[in-house]
Every structure is written in structure tokens, then in C-alpha cells.
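J.: Just dropping this structure here.
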Amino acid sequence: MTIEICTTSLSSIKNAQNAGANRLELCENYLVGGVTPTIEFFEKSLEVSKIPIHILIRPRGGDFLFNNAEFDRMFESIQKFKNYDISGFVVGFLDNKNQLNPSILKEFRSVTNGYELTFHRAFDYLLEQEKSLEQLIENKFDRILCSGSKINSEKGFKNLNYLNSLAKDKITIMPGGGINLKNFNLFKNAGFNEIHLSAIDKKISLDSDYNIIKQIIEMSK
């Protein structure tokens, strides 16, 4: 099982890789759900990380209905990060009818050709998810990060299982949102191959916690 850790600090990166995580989603500003990391933070992260990095491309917090200027910023960000040694990108968006714009999907896949591409939790807000899943498969996205359209993945477990049954081996459904030590085995036993979590104990800090990640890694074996 692949364990992806959402990291927003250098301490989180160190804790994730030292605990045995397989991959990082790199972003900043955890409290708004993550935005595109600055080049400065990213370069420092590259110096620290020894495991694959996927970059979140999100120009701001809030909703996922972006205007043309924001899409331009997203594509510009991707081009900048392509100058570095990274493994993939994480993107997501909606149109004003909570659907996917086919031409923008194609543009994201074109500009990220040769990199892994994840569609993030904007998927949870799409109205026609079966259709959207097929669109993402057609555009050769590698995975969908979602919580089953609920506040967290445990509450969305039934929907996640349904999406996983549709996805088969054509695209990976990666549960994310509220996954922790108490409910991890729910997803493992259901046969999900990848899991996304921040592994944060907010009572301590907003850094990903080494001990939580280590336990998750041991449970995933």
C-alpha cells in the first residue's frame, strides 16, 4: 500500500520520510486546505526530501471555481516546477455547473505529460461523478484524491467503495480526509491501494507527526 503524506513544513517532510512514507504531497497553508508552495519553500523541500514529491497546484483557498487569470497562474506554476526533479502534480477545479471542463482537463494533462497527475478533492463537489471519473480516465489522470463527497473519508466510505468499483484498474481512488490510526484498517481491508493523510495531531502542532506515520506504515504492511 502506498502512503502519501500531505506536508506543509520541512519538519513534516523529515518526519514523513524518516517514518517510511512512500510519497509527499507538497503544499503550504494547511489551514485553508493547502495552496501551491512557493519556489523558496519547494527548493528547501527538495534539499530535504529523498522520496517522490507531488506538487499541489492551487492558487488560493476557498472554492474550486477558478477564473481565467487563476488558471493561467496554475499553468505558469506547473511550468516553473517542471524545471526541478519532481514526480507529479495535483490539480482540481469545477465549472459553474459543478462539472469538468473537457478542454481544461486536456490542457492539464498535456502540460504535465510525463508526470503523474492526481485530481484532488474538488472531485467531491462534482455532480456527475461517474461521468467525471470517465473523463479523468480518458485524459490519463493517474488517481483521484477524494473523501466520498462527505466531510471525511470514514463518512464517505460507502461512496469511496462505489467509486473504487467503477475505477477498477483504470484509475486509482485514493481516500483522503480524516484518515487516522483508528480508521486506517477500514480502508486497508477494503482493498484501497493508496491512502492520503496529513498525520497531524493538532493538540501538538500542524507538523505531520512521526509516530502517527510510523504506526500507519506498520499497519499498511
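J.: So, of the residues in the range 163-188 that are touching a residue at least 40 places away in the same chain (Cβ under 8 Å), in contact with a helix residue (DSSP H, G or I) (Cβ under 9 Å, 6 or more places away or on another chain) and of a type outside the set (D, E, K, R), which turns out to be surrounded by the most Cβ atoms within 10 Å (Cβ to Cβ)? Show your work before the answer.
T.: Restricting attention to the range 163-188, the residues satisfying the condition of being touching a residue at least 40 places away in the same chain (Cβ under 8 Å) are 174, 176-177, 188.
Next cut, in contact with a helix residue (DSSP H, G or I) (Cβ under 9 Å, 6 or more places away or on another chain) only: 176-177, 188.
Going one step further and asking which of them are of a type outside the set (D, E, K, R), we end up with 176-177.
Values: Gly176: 25, Gly177: 21.
So the residue we want is Gly176.
J.: Let me ask something additional. Test Ser205 against the stated conditions and say whether it is modelled with pLDDT under 95 and either touching an Asp or Glu at 6+ places or on another chain (Cβ under 8 Å) or not hydrophobic (A, V, I, L, M, F, W, C) (or both). If you could, list the steps in order and put the result at the bottom.
T.: Working: modelled with pLDDT under 95: yes; either touching an Asp or Glu at 6+ places or on another chain (Cβ under 8 Å) or not hydrophobic (A, V, I, L, M, F, W, C) (or both): yes.
Considered against the rule, which asks whether it is modelled with pLDDT under 95 and either touching an Asp or Glu at 6+ places or on another chain (Cβ under 8 Å) or not hydrophobic (A, V, I, L, M, F, W, C) (or both), Ser205 comes out as yes.
J.: Look at Phe123 and say whether it is under 21 Å from Lys97 (Cβ atoms), aromatic (Phe, Trp, Tyr), free of Cβ contacts under 8 Å to residues at least 60 places away in the same chain and not in a helix (DSSP H, G or I).
T.: Details: under 21 Å from Lys97 (Cβ atoms): yes; aromatic (Phe, Trp, Tyr): yes; free of Cβ contacts under 8 Å to residues at least 60 places away in the same chain: yes; not in a helix (DSSP H, G or I): no.
For Phe123, the condition - under 21 Å from Lys97 (Cβ atoms), aromatic (Phe, Trp, Tyr), free of Cβ contacts under 8 Å to residues at least 60 places away in the same chain and not in a helix (DSSP H, G or I) - is not met.
J.: For the range 64-92, enumerate the residues that are surrounded by 13 or more Cβ atoms within 10 Å (Cβ to Cβ) and of a type in the set (A, V, I, L, M, F, W, C).
T.: Scanning the range 64-92 gives Phe64, Leu65, Phe66, Phe71, Met74, Phe75, Ile78, Phe81, Ile86, Phe89, Val90, Val91.
J.: Quick check: anything in the range 3-14 touching a strand residue (DSSP E or B) at 6+ places or on another chain (Cβ under 7 Å), without any contact (Cβ under 8 Å) to a residue 60 or more places away in the chain, crowded, with 16+ Cβ neighbours inside 10 Å and of a type in the set (D, E, K, R)?
T.: no
Each row is one residue, and each column tells you yes or no for (1) modelled with pLDDT under 95; (2) over 24 Å from Ile55 (Cβ atoms).
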site	(1), (2)
Lys106	no, no
Ser110	no, no
Asp124	no, no
Gln129	no, yes
Gly156	no, yes
Asn164	no, yes
Lys168	yes, yes
Ile179	no, no
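J.: Sort out which residues of the range 195-217 are buried (at least 21 other Cβ atoms within 10 Å of the Cβ) and either under 18 Å from Cys146 (Cβ atoms) or of a type in the set (Phe, Trp, Tyr) (or both), and write them in order of number.
T.: The answer is Ile195, His196, Leu197, Ser198.
J.: Which pairs turn up if I take residues in the range 48-72 that are more than 30 Å from Asn18 (Cα to Cα) and look for partners that are of a type in the set (Gly, Ala, Ser) and at pLDDT below 95 with beta carbon separation below 6 Å, at least 6 apart in sequence or on another chain?
T.: Within 6 Å, no pair qualifies.
J.: Just need a number here: residues in the range 122-153 that are of a type outside the set (S, T, N, Q), surrounded by 20 or more Cβ atoms within 10 Å (Cβ to Cβ) and closer than 26 Å to Asn183 by Cα. Talk me through it step by step, then tell me what you get.
T.: Filtering the range 122-153 for residues of a type outside the set (S, T, N, Q) gives 122-128, 130-131, 133-134, 136-138, 140-146, 148, 150-151.
With surrounded by 20 or more Cβ atoms within 10 Å (Cβ to Cβ) added as a condition, the list becomes 122-124, 126, 133, 136, 141, 143-146, 148.
Retained after the next criterion (residues that are closer than 26 Å to Asn183 by Cα): 122-124, 126, 133, 143-146, 148.
Residues that pass the stated criteria total 10.
The values are calculated or read from the model by the stated rules, or taken from the named source; none is laboratory data. Everything quoted here is computed from the prediction, not taken from an experiment. Here the Cβ is made from the backbone with ideal geometry for all residues, glycine too, and neighbour counts use every protein chain on show.
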